[in-house]
Amino acid sequence: MSHFVECQTEFRDPQGLVEALVECGFQESQIEVYQEAVPLYGYRGDERPQRAHIVIRRQHVGQAANDVGWERQPDGTYRAWISEYDGRHRFDQAMQNRVKQEYAYQVIARQQRARGRTVARERLPSGEIEVTIGGYR
């Protein structure tokens, strides 16, 4: 049985996190968002002590996977709960970095559009995202 690893993040915007996960290949219907934290489950369907407010259930993560979740902390940031197994597979470091990158883009884009600015992005061959913020519409 693999155990969950706690990963502190700088995520504060639940909508931005959901949008980032969608950009990383999950369907919005596969991402559960709760006001109160709910339990996470292991690959055998066993309830784990970890709880989360944003959850992707194991059947959407991969074969023999565990639930993946983000638990809102008192300071407003989210703690990621990713099992050691999933940290080597679907949610490896490259995927975690992509979620962070997409999250940053989603939050910035929403803030700038709310200010009436245009936002465009281009994915560079290196995998980085180049963001261009234009003048007011």
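The values are calculated or read from the model by the stated rules, or taken from the named source; none is laboratory data. From a predicted model like this one, the values you see are computed outputs, not experimental measurements. With ideal geometry, Cβ positions are generated from the backbone for all residues, glycine too; neighbour counts draw on all protein chains shown.
The single condition among (1) buried (at least 16 other Cβ atoms within 10 Å of the Cβ); (2) under 21 Å from ASP13 (Cα atoms); (3) within 14 Å of the chain's Cα centre (by Cα); (4) not basic (Lys, Arg) that ASN97 does not meet is (1).
Residues that are closer than 17 Å to TYR105 by Cα, modelled with pLDDT of 95 or more and among the β-branched types (Val, Ile, Thr) are absent from the stretch 24-31. Any residue at all in the stretch 43-54 that's crowded, with 20+ Cβ neighbours inside 10 Å, modelled with pLDDT of 95 or more and among the charged types (D, E, K, R)? No, the stretch 43-54 contains no residue that is crowded, with 20+ Cβ neighbours inside 10 Å, modelled with pLDDT of 95 or more and among the charged types (D, E, K, R). Taking every residue in the stretch 48-66 that is more than 19 Å from GLY16 (Cα to Cα) and β-branched (Val, Ile, Thr) and pairing it with any residue that is at pLDDT below 95 and surrounded by 17 or more Cβ atoms within 10 Å (Cβ to Cβ), at least 6 positions away or on another chain, the pairs with Cβ-Cβ distances below 8 Å are VAL61/ASP86; VAL61/ARG90; VAL61/PHE91.
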